[in-house]
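Inspection log for the structure reproduced underneath, given as structure tokens.
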Amino acid sequence: MDNAELREFFADTTANIAGNYQLREPQRDAYQAIFQHFEETNDACYVQLPVGCGKSGLMGLTPFQISTGRVLIVAPNLTIRKTVYDELDVSNPDCFFSRRGVLSTQDGPLSVNLKQAQTYTTVITPTLS
């Protein structure tokens with residue numbers, strides 16, 4: 001997919017975020033704050049959430065209605081990379097998007113693990129069945 005198709009996917013895909021009480025409150029609040037930030041500016045932003053508040057899920061939510069292209073998640077180690085990948089892998093029926101009722105179909109972001117030297121990343125790109 002090119003950037004125009006990616007932009008369209010993240011803009012047009014209905015993701016159940018606002019008012020979704022299957023999401024943790026910090027996830028909903030952080031998504032709304034990120035959304036409002038990028039409505040006002042394209043400057044980078046920093047999000048800090050305490051342990052157990054759903055950072056992996058928030059990483060999956062953030063591109064919807066915000067991203068204009070591919071999303072790159074950089075993890076500091078293999079354990080966190082695996083956790084993020086497993087949570088955001090739409091081919092897993094128990095992934096975050098399904099478990100929390102964010103997406104109504106299996107069409108969703110495709111997670112791909114990349115490894116270069118000691119940097120571990122997950123790239124989120126839309127996939128359509």
How many residues does the range 42-94 hold that are within 25 Å of Glu8 (Cβ to Cβ) and acidic (Asp, Glu)? 3
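Do the conditions hold for Phe38, that is, is it part of a helix (DSSP H, G or I) and either under 13 Å from the mean Cα position of the chain (by Cα) or aliphatic (A, V, I, L, M) (or both)? Steps first, answer last, please.
Details: part of a helix (DSSP H, G or I): yes; either under 13 Å from the mean Cα position of the chain (by Cα) or aliphatic (A, V, I, L, M) (or both): no.
Against the criterion (part of a helix (DSSP H, G or I) and either under 13 Å from the mean Cα position of the chain (by Cα) or aliphatic (A, V, I, L, M) (or both)), Phe38 does not qualify.
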Hey, could you check the range 9-28 for residues that are surrounded by fewer than 14 Cβ atoms within 10 Å (Cβ to Cβ) and among the charged types (D, E, K, R) and say which is farthest from Gly69 (Cα to Cα)? Glu25
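Yes or no, residue by residue, for (1) assigned to a helix (DSSP H, G or I); (2) at pLDDT below 90:
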{"site": "Leu6", "(1), (2)": "yes, yes"}
{"site": "Gly19", "(1), (2)": "no, no"}
{"site": "Arg28", "(1), (2)": "yes, no"}
{"site": "Tyr31", "(1), (2)": "yes, no"}
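The values are calculated or read from the model by the stated rules, or taken from the named source; none is laboratory data. Predicted, not measured: the structure shown is a model, and the values here were computed from it. FYI the Cβ positions are ideal-geometry reconstructions off the backbone, even for glycines, and counts take in every protein chain you see.
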